[in-house]
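Single-structure report; data block below.
Every number here is computed from the coordinates shown, using simple stated rules; none is lab data. Note that this is a predicted model, so its numbers are computed, not measured. Here Cβ is always computed from backbone atoms with ideal geometry, including for glycine, and neighbour counts include all displayed protein chains.
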Amino acid sequence: MTLLEQRVMRLSLAVRLDDAYAPGRRIVGEAAVMLVERPRPPHRNLSGDFLFLDLAPGPVTVSVTAALYLPQTRSVTLPLATPLAPVLVVALAPRWFYPFPPAATLVQGMVKDPQGAPIADGVVTLVERAVASRTGDDGRFVIALRGLAEDDVTVVGGRRLVKAGGGTTFTLRLEHAGYRTETVSVGELPESARTVIAHPLAMTRQ
């Protein structure tokens with residue numbers, strides 16, 4: 001008689017990557033997901049989720065890297081509050097060279113220190129619409145304005161411009177833990193166009 005050993009694997013954590021700009025919210029290109037404390041490759045299911053099995057209870061740090069997106073880390077404690085469906089959704093933020101649709105309304109630029117070195121992981125906020133993004137390791141950022149309705153646009157001199165409160169002039173706020181907060185005017189933003197700030201935006205250390 002042959003005895004067969006059967007082992008039941010328990011799903012501890014499923015990481016689902018979310019891209020709000022892509023069809024079906026599925027990410028573009030490949031991504032790598034790992035647990036910082038337990039660097040072993042996850043399994044994948046047919047939906048593309050990253051599955052971690054038989055993890056001990058306690059805190060873990062999820063790290064996500066992908067060519068077209070800014071890196072993300074999320075800290076969670078296992079088991080999750082939903083042990084029967086332990087899904088962690090991680091929203092990814094596009095890098096500046098992400099393949100946005102042709103009609104996307106974008107603001108792009110670069111943040112540097114006074115010596116000209118790029119500032120990574122700074123927060124750049126389009127103040128009048130409260131939309132923010134982060135700078136990559138090259139100091140570049142992109143802010144995408146999604147879901148603009150007709151009431152969000154005004155026509156001036158035949159140009160369709162995004163409204164900024166009571167006018168059409170926008171402001172960027174630059175923030176980073178090691179630097180002084182800066183505010184920079186970026187002028188008007190045409191709808192369905194890419195606005196590129198030609199000169200680097202400077203931040204000074206605190």
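Checking the conditions here, which among Val107, Val89 is part of a strand (DSSP E or B), crowded, with 19+ Cβ neighbours inside 10 Å and not charged (D, E, K, R)? Outline the logic, then answer.
On the way: Val89 fails: crowded, with 19+ Cβ neighbours inside 10 Å.
Answer to the check: Val107.
When the residues of region 125-143 are narrowed to those that are crowded, with 21+ Cβ neighbours inside 10 Å, under 12 Å from the mean Cα position of the chain (by Cα) and not aromatic (Phe, Trp, Tyr), which ends up farthest from Leu189 (Cα to Cα)?
Only one residue fits best here, namely Gly136.
Can you find a residue in region 32-51 that is touching a residue at least 24 places away in the same chain (Cβ under 8 Å), part of a loop (DSSP other than H, G, I, E, B) and touching a Gly at 6+ places or on another chain (Cβ under 7 Å)?
no
Check region 125-133 and report whether any residue there is assigned to a strand (DSSP E or B) and closer than 17 Å to Ala193 by Cβ.
yes
Going by what's in this entry, would Val123 be described as closer than 29 Å to Arg38 by Cα and in contact (Cβ under 8 Å) with a residue 40 or more places away in the chain?
Answer is no for this residue.
Out of the residues in region 154-206 that are in a loop (DSSP other than H, G, I, E, B) and in contact (Cβ under 8 Å) with a residue 60 or more places away in the chain, state the one that is surrounded by the fewest Cβ atoms within 10 Å (Cβ to Cβ).
Residues of region 154-206 that are in a loop (DSSP other than H, G, I, E, B), as a first pass: 157-158, 163, 165-166, 168-169, 177-178, 188-189, 191-193, 197-200, 203-204, 206.
Those left that are additionally in contact (Cβ under 8 Å) with a residue 60 or more places away in the chain: 189, 191-193, 197, 200, 203-204.
Details: Leu189: 24, Glu191: 17, Ser192: 15, Ala193: 16, Ile197: 16, Pro200: 16, Met203: 23, Thr204: 9.
Among those that are in a loop (DSSP other than H, G, I, E, B) and in contact (Cβ under 8 Å) with a residue 60 or more places away in the chain, it is Thr204.
Identify the residue in region 58-84 that is outside any strand (DSSP E or B) and free of Cβ contacts under 8 Å to residues at least 24 places away in the same chain and, among all such residues, is surrounded by the most Cβ atoms within 10 Å (Cβ to Cβ).
Pro83
Which is in contact with a strand residue (DSSP E or B) (Cβ under 8 Å, 6 or more places away or on another chain) and over 18 Å from Gly139 (Cα atoms), of Glu188, Glu175, Glu182?
Values: Glu175 fails: over 18 Å from Gly139 (Cα atoms); Glu182 fails: over 18 Å from Gly139 (Cα atoms).
Unique residue meeting the criteria: Glu188.
If Leu55 satisfies all but one of (1) more than 16 Å from Val36 (Cα to Cα); (2) not in a strand (DSSP E or B), what's the number of the condition it fails?
Here Leu55 meets the rest and fails (1).
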